[in-house]
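Below: one structure, written as C-alpha cells.
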Amino acid sequence: MTMYLLYHGLLLPKETHSLESLKFAQEFTFKDDDVVAVVYPKSGTVWMQEVLPLLLNGGDLTPIQTIPNWDRVPWLEEKRLEAVVDKMASPRAMVSHLPYHLMPPSFHTSKAKVIYVMRNPKDVLVSSFYFHQMAGFLSDPGTFDEFMNTFLEGRVFFGKWTDHLKSWKHSELGDRIMFITYEEMVQDLPAALKRMSDFLGRDLSEETIQKISHHCSFKTMKSNSMSNFSLVPKVYLDSDKSQFLRKGVVGDWKNHFSSEQLARFRSVIHKELQDESFTLPWSLD
Ligand code: A3P
C-alpha cells in the first residue's frame with residue numbers, strides 16, 4: 001500500500017496525488033462559470049475531458065487536438081492542476097473523483113456547476129480490474145474474485161462506489177448539479193450531449209451536437225493521441241496488459257461475473273443503499 005497515500009480515509013495513488021496537490025485543491029478558488037465533471041473512477045472521466053471543452057466552446061476542436069486530456073481538463077485533486085491552472089481560459093472545465101464532503105470551501109460558495117456521471121457498478125468493477133492490471137501506480141488486483149472483494153470493501157482508489165454516489169446524491173446542490181449515466185451516453189450520445197449543453201446554458205445547433213458526438217465517440221477518441229494516453233510511458237500505463245480506452249461498452253460484466261459473484265455483489269450494494277431514498281437507474285440483477 002506504499003503506492004497510496006491516505007486522505008480522509010481514501011486511498012489515493014502517490015504518483016498522481018500528493019499532500020501538496022490536495023492542499024492546492026482545498027485552497028482552489030472556484031469561479032461561478034467553472035464546470036466540474038465528478039466521476040467515480042472508471043465511469044467515464046476521460047470521456048468528459050473530451051466532451052466538456054467542446055460543449056463549452058461550441059465545437060472548436062483545437063483543445064482536443066492540441067492539449068493532452070490531463071492538462072486540457074485537469075483533475076481538481078491531482079498534481080498537474082497547479083502547473084496548468086493559469087493557462088486555463090474561462091469557462092474552465094475540470095474533472096474530479098472527490099466525494100462531495102472533500103470539495104473545497106470555495107466550491108460551496110460559488111455557483112460552479114457539476115455534471116455527475118454514474119456507471120453501473122458491475123461494469124465499473126470490470127473496467128477497474130483491467131485498469132489495475134495496466135496501471136503501474138495502482139496495486140496488483142489479484143484474481144477477479146479477489147478484486148471484487150477489494151472493490152466492495154472500498155480498498156481501491158477513492159474508496160467505496162456506494163459512498164461516492166451517496167455523498168453526491170445528498171449534496172443538495174439543486175440546479176447546480178445534473179446526473180447522467182454512462183449508459184445514457186453510450187446509448188444516444190447526441191441526446192446526452194444535448195441534455196448537458198442545455199444544463200450548461202449552451203444553445204448548440206443539431207449540426208454542432210452531431211459534430212461533437214463524432215469527435216467524442218469511442219472510435220475517434222481511441223485514435224486521438226491527445227486522449228488515448230498513448231503519450232504516457234509504459235511504466236505508468238502498460239498497453240500490453242490492457243488499454244485505457246478498453247471496450248467502451250455496456251454490460252461487459254456478463255463476461256466476468258459468475259452467478260455466485262453476482263449474488264455477492266448485489267447483496268453488498270443493496271445492503272449499503274437500503275436506507276437511501278434514491279433508486280439506481282439500473283437493475284443489479
Ligand atoms: P472500459 O474499461 O469498460 O472500456 P475513466 O475515464 O473514468 O477511467 O473511465 C474509463 C472507462 O470509460 C473505460 O471503460 C473507457 O473505455 C470508457 N470510455 C472512455 N471514453 C469512452 C467513449 N467515448 N465511449 C465509451 N466509453 C468510453
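The values are calculated or read from the model by the stated rules, or taken from the named source; none is laboratory data. These figures come from a predicted structure and were not determined experimentally. Don't worry about glycine lacking a Cβ; one is built from the backbone with ideal geometry, like all the others, and counts go over all protein chains shown. Remember, those area values only see protein heavy atoms, side chains included, never the ligands or the DNA or RNA. Shrake-Rupley method; radii C 1.70, N 1.55, O 1.52, S 1.80 Å.
Tell me which residues, restricted to region 212-237, are outside any helix (DSSP H, G or I) and either over 18 Å from the mean Cα position of the chain (by Cα) or hydroxyl-bearing (Ser, Thr, Tyr) (or both). Once the filter is applied, which keeps residues that are outside any helix (DSSP H, G or I) and either over 18 Å from the mean Cα position of the chain (by Cα) or hydroxyl-bearing (Ser, Thr, Tyr) (or both), region 212-237 yields Ser217, Ser223, Asn224, Ser225, Ser227, Ser230, Leu231, Val232, Pro233, Lys234, Val235, Tyr236.
Cβ-Cβ distances below 6 Å connect the following pairs, each with a first residue in region 233-247 that is within 13 Å of Phe129 (Cα to Cα), a second residue that is open to solvent by less than 80 Å² (accessible area, probe 1.4 Å), and a separation of six or more residues or different chains: Lys241/Gln133; Lys241/Met134; Ser242/Tyr130; Ser242/Gln133; Ser242/Met134; Phe244/Phe229; Arg246/Tyr130. Return yes when Val114 is open to solvent by less than 10 Å² (accessible area, probe 1.4 Å) and more than 20 Å from Ile269 (Cα to Cα) and no when it is not. For Val114, the condition - open to solvent by less than 10 Å² (accessible area, probe 1.4 Å) and more than 20 Å from Ile269 (Cα to Cα) - is met.
Being away from the ligand (no atom under 16 Å from the Cβ), of a type outside the set (A, V, I, L, M) and touching a Pro at 6+ places or on another chain (Cβ under 8 Å) is not true of Phe24. For region 203-211, the count of residues that are assigned to a helix (DSSP H, G or I), under 28 Å from Ser106 (Cα atoms) and either modelled with pLDDT of 95 or more or out of contact with any strand residue (DSSP E or B) (no Cβ under 9 Å at 6 or more places or on another chain) (or both) is zero.
Residues in region 22-32 that are in contact (Cβ under 8 Å) with a residue 24 or more places away in the chain and within 17 Å of Glu82 (Cβ to Cβ): Leu22, Phe24, Ala25, Gln26, Glu27, Phe28, Thr29, Phe30, Lys31.
Filtering Pro41, Pro74 for residues that are under 17 Å from Lys23 (Cα atoms), in contact with a strand residue (DSSP E or B) (Cβ under 8 Å, 6 or more places away or on another chain) and within 14 Å of the ligand (Cβ to nearest atom) leaves a single hit, Pro74. One residue stands out among those in region 6-34 that are open to solvent by 10 Å² or more (accessible area, probe 1.4 Å) and in contact with a strand residue (DSSP E or B) (Cβ under 6 Å, 6 or more places away or on another chain): the one that is farthest from Pro233 (Cα to Cα), which is Leu11. Each residue in region 218-249 was checked for being more than 9 Å from the ligand (Cβ to nearest atom), β-branched (Val, Ile, Thr) and surrounded by 14 or more Cβ atoms within 10 Å (Cβ to Cβ), and 1 of them qualify.
Within region 245-285, the set of residues being more than 17 Å from Trp161 (Cβ to Cβ) and among the aliphatic types (A, V, I, L, M) comprises Leu245, Val249, Ala263.
If the condition is being within 16 Å of the ligand (Cβ to nearest atom) and open to solvent by less than 30 Å² (accessible area, probe 1.4 Å), then region 180-205 contributes Ile180, Thr181, Tyr182, Glu183, Met185, Leu189, Ala192, Leu193, Met196. Reported count of residues in region 99-158, each being touching a residue at least 40 places away in the same chain (Cβ under 8 Å), of a type in the set (Phe, Trp, Tyr) and under 19 Å from Gln243 (Cα atoms), is 6.
Go through the residues of region 164-177 one by one and say whether even a single one is on the phi < 0 side of the Ramachandran plot, among the acidic types (Asp, Glu) and open to solvent by 50 Å² or more (accessible area, probe 1.4 Å). Taking every residue of region 164-177 in turn, at least one turns out to be on the phi < 0 side of the Ramachandran plot, among the acidic types (Asp, Glu) and open to solvent by 50 Å² or more (accessible area, probe 1.4 Å). Taken as a whole, the structure places Glu272 among residues that are over 20 Å from Phe129 (Cα atoms), over 21 Å from the mean Cα position of the chain (by Cα) and of a type outside the set (A, V, I, L, M). Which of the residues that make up region 1-21 are touching a Pro at 6+ places or on another chain (Cβ under 9 Å) and in contact (Cβ under 8 Å) with a residue 24 or more places away in the chain? Those that are touching a Pro at 6+ places or on another chain (Cβ under 9 Å) and in contact (Cβ under 8 Å) with a residue 24 or more places away in the chain: Met3, Tyr4, His8, Leu10.
Within region 163-181, the only residue that satisfies the criterion of being hydroxyl-bearing (Ser, Thr, Tyr) and in a loop (DSSP other than H, G, I, E, B) is Ser171.
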